Amino acid sequence: MNKTVMIVWDPRKRPRAEVRSALLERCATALLEDGVQQLWMSIADDRVGVASPNPFPLFERRMVALVSAFTEDARDVAGPLRVEGFEVASYHVEQSVYRDYGDTPDAGRRDWPDGERSPGVTAVSLLERPGRLDHDEWIRRWHGRMSSVSEEIQPRTRYVRNVVIAPLSPDAPPFEGIVEECWPSEQHVSSPWLFYGAANPWQLVRNMVRIAAAVMHFTTLWRVRTVMMSEYFVVTRDPQPAPATSSRT
């Protein structure tokens, strides 16, 4: 199947709970009726209580969601979102799941059903390719260095890389990479000690420098746009697992 990711903005500036309802209820239903076979949503809703550790570019509006739709053919399926008053940029992407739930010591296998909020919190980042790098070299530095350095240092529970193949909507911003990074808890984002996997001040400084160097090796640090979101697997191909028995935040 082909994956389309949709960056979503809300010009109406609705309350975050209202944005969640519109996307998970009306938009999701319409997308599935339109032939979407798998549907994931990350939403900057009222269930997120932590800010991004990365500064956001000044004077630039923030996205409110990232919608991932899997279809037989690569196409712009954002019609239902636009009907709901959202502005959308759609991209056909190549997905690689670097780590998934159960692949790391920081999270067990997924045990919650479709439609339920995933545990922890998700950072969605939009990446530009610097003009100094051609596409192949950019991918080599991102996949070959950045991913391995961050994997060694940071306690992520899921890491999905989306490389843009082509924009599917007019005037889509020129992003070439879209990243979904899941963390065990909000504290793992707000605490530098947890975020950088450090046990002492020396290790904290060393790991911060290593991460910053790896980021700047393949992109422009202050041009990375990151928003913290709640992750929802709306519909997946796999049979739905049994509901979790513990409460999740």
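The values are calculated or read from the model by the stated rules, or taken from the named source; none is laboratory data. All of these numbers come straight from a predicted model, not from anything done at the bench. For neighbour counting, all protein chains shown are included, and Cβ atoms are generated from backbone atoms with ideal geometry for every residue, glycine included.
Observations on the model:
- Among the residues of the range 97-132, those that are within 27 Å of HIS217 (Cβ to Cβ) and among the hydrophobic types (A, V, I, L, M, F, W, C) comprise VAL97, VAL121, ALA123, VAL124, LEU126, LEU127.
- Pairs, first under 15 Å from GLU181 (Cβ atoms) in the range 37-56, second in a loop (DSSP other than H, G, I, E, B) and hydrophobic (A, V, I, L, M, F, W, C), C-beta under 6 Å, six or more apart: ALA44/VAL64; ASN54/VAL224
- Test: residue in the range 208-228 that is in a loop (DSSP other than H, G, I, E, B), at pLDDT below 95, crowded, with 16+ Cβ neighbours inside 10 Å and out of contact with any His (no Cβ under 9 Å at 6 or more places or on another chain): yes
- Residue list for the range 131-175, restricted to those being assigned to a loop (DSSP other than H, G, I, E, B), surrounded by 14 or more Cβ atoms within 10 Å (Cβ to Cβ) and over 14 Å from the mean Cα position of the chain (by Cα): LEU133, GLN154, PRO155, LEU168, SER169, ALA172
- Close pairs (8 angstrom Cβ cut-off, 6 or more residues apart or separate chains): of a type in the set (Ser, Thr, Tyr) in the range 2-26, surrounded by fewer than 16 Cβ atoms within 10 Å (Cβ to Cβ) anywhere: THR4/ARG75
- Filter result for VAL209 (touching a residue at least 12 places away in the same chain (Cβ under 8 Å) and among the β-branched types (Val, Ile, Thr)): no
- Selection status of GLU60, over 21 Å from ARG117 (Cα atoms) and touching a residue at least 40 places away in the same chain (Cβ under 8 Å): yes
- Residues that are closer than 21 Å to THR122 by Cα and modelled with pLDDT of 95 or more, drawn from the range 55-80: MET63, VAL64, ALA65, LEU66, VAL67, SER68, ALA69, PHE70
- Residue count for the range 91-114 under the criterion of being surrounded by 14 or more Cβ atoms within 10 Å (Cβ to Cβ) and either hydroxyl-bearing (Ser, Thr, Tyr) or touching a Leu at 6+ places or on another chain (Cβ under 8 Å) (or both): the result is 5.
- Flag if ARG47 is of a type outside the set (Val, Ile, Thr), outside any strand (DSSP E or B), under 21 Å from LEU126 (Cβ atoms) and touching a strand residue (DSSP E or B) at 6+ places or on another chain (Cβ under 9 Å): no
- Residue within the range 71-78 that is among the aliphatic types (A, V, I, L, M), touching a helix residue (DSSP H, G or I) at 6+ places or on another chain (Cβ under 9 Å), part of a loop (DSSP other than H, G, I, E, B) and within 25 Å of TRP183 (Cα to Cα) present: no
- Conditions (1) over 19 Å from the mean Cα position of the chain (by Cα); (2) among the aliphatic types (A, V, I, L, M); (3) surrounded by 14 or more Cβ atoms within 10 Å (Cβ to Cβ); (4) within 30 Å of ILE153 (Cβ to Cβ); number of the one not met by VAL67: (1)
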